[in-house]
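Step one of this worksheet: look at the structure below.
Throughout, read-outs are computed from the coordinates displayed, never taken from laboratory work. Note that this is a predicted model, so its numbers are computed, not measured.
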């Protein structure tokens, strides 16, 4: 994220503070729009970032936190899936599994 996610921030902190970020081209903001569950926080980030009061590094840091939480929840949920759970899902959906 820090290296490859294109941002809409300005070339320097001074310019960014003066002109703010271009949210139309900012990839971290677009990802936060999908993955951040708190709409009020998303709007706050957009407002502060567009006004130049929040820097690109801060937005990317928040995105990393959100994605890390998402991946950790997925790992825990995946670890909870047992052969018994899979068998029940297959049974309920009428899926036949070949022995072997």
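Within the set [x] 144; [y] 82; [z] 96, the number that volume of the Cα convex hull per residue in Å³ takes when calculated for this structure is listed as [x]. The long axis of helix 83-92 is offset from the longest Cα principal axis of the chain by roughly 80 degrees.
Where a ≥ b ≥ c are the square roots of the eigenvalues of the C-alpha gyration tensor, would you call region 1-56 rounded, which needs a/c under 1.5, or, failing that, prolate if a/b is larger than b/c, or oblate? Write out the running numbers ahead of the final one.
On the way: a/c = 2.42, a/b = 1.35, b/c = 1.79.
It is oblate, given that a/c is not under 1.5 and a/b is not larger than b/c.
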